[in-house]
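Following: one structure in structure tokens, then a few remarks.
Readers should treat all values here as calculations from the given coordinates under stated rules, not as data from a laboratory. No experiment lies behind these values; they were computed from the predicted model shown.
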């Protein structure tokens, strides 16, 4: 069963979505449906939803000796 869904988005984002959909040979509705399916799929690892930049940074400081106090000190020196 198909049900109508109304989304309120910025005009520019709608235009970008239409261009993307046309380039992909799909409707905007199909693109949204595909995305919702991806988001609700239980077969994908949680880090798959992160952007590539976020994924590349994940775990970078795991073995670092930096802690919260180092960060606070950095911010204090930066804003003096």
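Could you please tell me the mean projected area of the C-alpha convex hull for the chain, averaged over all directions and given in square nanometres to one decimal? Intermediate results must be reported in sequence, preceding the final value.
Details: hull surface 40.6 nm².
About 10.2 nm², averaged over all directions.
Angle, helix 11-24 long axis vs. longest principal axis of the chain, Cα atoms, 0 to 90°, nearest 10? In the chain, helix 11-24 runs at an angle near 70 degrees to the longest axis. For the chain, the longest principal axis of the alpha carbon atoms and the long axis of helix 68-78 meet at an angle near 90°. The angle between the Cα long axis of helix 28-40 and the main principal axis of the chain comes to about 50°, on a 0 to 90 degree scale.
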